[in-house]
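Trainee: Would you mind keeping the following structure in view while I ask a few things?
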Amino acid sequence: MTNEENQQEVETFREAYTTFSRESASPSHEEEVLVIRNYPEDPGDDEMDQQEEEIAALVLAAQAERENVLYPSPISQQTVPIGYVTNARNATSRSDLFLFWAPAEETSLGIGSIVRHTATISQHVDTYGIIIDTTGNTLGLDDYAIHVYEQDAQPPLDSILPAPSARRPIVQYQVKVLASTQKAQRPVLSGPVYAVTAAELAAVHRKAQNAWLDPHYLLLGFYEDASGAYGLFGEERARVLGPKQGHVIFSGLPGAGKTSLFLTLGISLYAQLHAMEKAIAQQARSVPGVATVAINIKGADLLFLDHVDAGALEEHDLTMWRAAEVNIQERPFGRVIVYTPLKEDGFNRSSLRSNPSADIAGYSETREFALGIQEIWPYLGLFFEKTSPGATALIAEAELYLKETQKEGFTLADVLNLFNKAINKPKSERKGTPWEDFHPSTIQAVMQRFRSLPATLKGLIDVTGKGIGLSTLAELKPYDMVVIDIERIMANPSDPVIAESTIKIITAYVLHQLTEAMTQGTCNVDHIIVFADELNRLAPRDGNGGIGEYLAQLARTTRDRGIVLFGAGQFRSGINEDILKAASVHYSMRTPEHELSDRIYAPLSPEFKARLTQLEPGQTVLQYPSLRTAVFASFPRPFVMSGALT
């Protein structure tokens, strides 16, 4: 090849590279087709001269430029549109829903991604939404209208680079609106769509970044953007802890992370309140006092919360805790108290927390407790669910008699003694007594159930006394974490029916005690969070066999008094509907497919439901008042000990 021919090839590549760079920087209305008739042969490393090296450099530069345009870095999504609103006639937008398309090369988007549409015509309006549905299409086919996929309504299609084929793959996204800066609700007509970054989560909630979360909001979860940074989902504290709204529901399969999420919310709330105390230490304002009471019915996840353990945290957990401004090296609670029942011997603890060395002086303590029969008498109907009207009348008559004869209170031993000496007698011997008209079989059934309580509840029931331990339950302080442990009773019950009723009785008793204390103003806190697991058993949807009516009534009334229920269950569809309606915040973790056929999941799109069945621990669907629809959120592993202390 002569020097003149070589020079001509160099000029050809220079012109090609200049044309491509100009095309990438400033799109034109026509695609440039480059044709290179004579590609220079490779003469080998030894024979390449300076001009041929320049040709190779130009080719590599052109390829690199093309790669950079085809596959932009995630950082560019913050300022460069990732897609454009679809304005096809069959893709009309509404004020609560719009569609946009993006090149198939944009792989950072998926179900649950949050995006922002920005309109600048007449006024600047930002509309935030979450992707709920996706569809893959190919442009360039005879039966597909290319002209409707425009870059901000400006044809031709320059935002997808020319491909080797005339067919160009795109993905069409359906977006449900979360929030908008526009006062009037209007449909999104056209314009660019951007990926929302972690820093924009404040704007999604209509708040300034420097004031998020402000003192009136609390953390509900985290959103991970395309770069791996975490933003914060939050809600007004008065809508979670009362009085405006209240109560939180967790649902999901075992192992989905319901208890971990409850602890994460509590830890982050306490950390925020501590920070507020430091910030306003020199001011007259006060920080609301919050305490937590949790009922532990399975495992040891709640029994050693006084022991900080960050060893199991992964990098994404640490990143989320940093985003929430929580120091994982500090103790998360002000005080930890664990109430444990006694064994039948009346001395040893019937609990996985049986080692006295588990307590940390000045920070945590373990207290034994037992319930007196008079304390749980209002809930005896749960032990006698299948009783006849005669049995119900007998129990009421026995209570009336004992209150008249035992002015200072009565015990289970007093009840059994009454049956043995006065009630369980032949009818002739009961003549003229309150027990005269009761059938012998009714008397036997009620007496047998009372006799079975010590064997079934073991040390949980105080046979000869009036109860110990829980009388101090309402003596709470801000930042307290109080755990009532009945796990051993539930682990291997001799009578499953009685054990089942025990959960309901303990929960009802605790809620009643706290409600009375808050109503009378004897508590030193403004809010009490009560965590109760197994809502499907405590308050079933059908309304039978639980304390659903009682809990529903509390859910409607106690938030005004500062008591809120954080309830967990495996299936949302199996929880009392009044409680679901009363709750302001809902978390749905990994859920089986058959559960999603229930009507309460009808608002979710098919792809939303599909992702819900695949969630991993640390992932959840979150619904709360500030946003119009459900969002996918993440949460970190709590940095406290989970499991038995060895």
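Trainee: Lysines near LYS343 by alpha-carbon distance under 22 Å, same-chain residues fewer than 8 away left out - which ones?
Mentor: Correct list for LYS343: LYS298, LYS458, LYS466, LYS504.
Trainee: LYS431: which lysines have alpha carbons under 29 Å from its alpha carbon, excluding same-chain residues fewer than 8 sequence positions away?
Mentor: Candidates past the 8-residue exclusion: LYS386, LYS403, LYS407, LYS421.
Trainee: Let me ask something else about it. Please compute the contact order of segment 275-417 in relative form: average sequence separation of alpha-carbon pairs under 8 Å and at least six residues apart, divided by the residue count, as a percent.
Mentor: 17
Trainee: Keeping all protein chains in place, calculate the accessible area per residue for segment 559-606 (probe 1.4 angstrom), answer in Å².
Mentor: 41
Trainee: Still on this structure, I have one more. So if each residue of separation counts as 0.36 nm, and I subtract the Cα-Cα distance between GLN520 and ARG599, what length gain in nm does that give?
Mentor: Length gained between GLN520 and ARG599: 24.4 nm.
Trainee: For segment 176-206, run through the trypsin sites (Lys or Arg not before Pro) and keep only the ones in DSSP coil with at most 14 other Cβ atoms within 10 Å of their Cβ.
Mentor: The qualifying sites are LYS183, ARG206.
Trainee: Further question on the same structure: Quick one: if you take sqrt(5λ) for each eigenvalue of the C-alpha gyration tensor of segment 560-646, what semi-axes come out, biggest first, whole angstrom?
Mentor: Square roots of five times the eigenvalues give 23, 19, 14 Å.
Trainee: May I pose another question? Between GLU577 and ASP214, what FRET efficiency comes out of the Förster formula 1/(1 + (r/R0)^6) with R0 = 51 Å and r the beta carbon distance, rounded to 0.05?
Mentor: After rounding, the FRET efficiency stands at 0.90.
Trainee: For segment 362-491, report the accessible area per residue in Å² (1.4 Å probe, heavy atoms, rounded to an integer).
Mentor: Here the per-residue accessible area is 47 Å².
Trainee: Please calculate the 1.4 Å probe accessible area of HIS316, with all protein chains present, and give it to the nearest 10 Å².
Mentor: 80
Trainee: Can you compute the FRET efficiency between LYS244 and ALA310 using 1/(1 + (r/R0)^6), with r the Cβ-Cβ distance and R0 = 35 Å? Round to the nearest 0.05.
Mentor: Between LYS244 and ALA310 the formula returns 0.50.
Trainee: Which of the GluC sites (Glu not before Pro) found in segment 443-538 are in a DSSP loop and have at most 14 neighbouring Cβ atoms, other than their own, within 10 Å?
Mentor: In loop regions of segment 443-538 (DSSP not H, G, I, E or B), the sparsely surrounded GluC sites (Glu not before Pro) are GLU475.
Trainee: To the nearest 0.05, what FRET efficiency results for LYS183 and THR79 with a Förster distance of 35 Å applied to their C-beta separation?
Mentor: With R0 = 35 Å, the Cβ-Cβ based efficiency is 0.85.
Trainee: For segment 617-641 and segment 248-311, what is the separation of their C-alpha centers, rounded to whole Å?
Mentor: Comparing the Cα centres of segment 617-641 and segment 248-311, I get a distance of 14 Å.
Trainee: If you keep only loop residues by DSSP, which trypsin sites (Lys or Arg not before Pro) in segment 226-270 have at most 14 other Cβ atoms within 10 Å of their Cβ?
Mentor: Filter output for segment 226-270: LYS244.
Trainee: May I pose another question? Provide the per residue accessible area, probe 1.4 Å, for segment 206-325, rounded to a whole number of square angstrom.
Mentor: That works out to 40 Å² for each residue.
The values are calculated or read from the model by the stated rules, or taken from the named source; none is laboratory data. Treat the numbers as computed from the prediction; the structure is a model and nothing was measured. Positions of Cβ are generated from backbone atoms using ideal geometry, with glycine treated the same way; all protein chains shown enter the neighbour counts. Quick note on the areas: whole protein, heavy atoms, side chains included, nothing else; ligands and nucleic acids left out. Shrake-Rupley method; radii C 1.70, N 1.55, O 1.52, S 1.80 Å.
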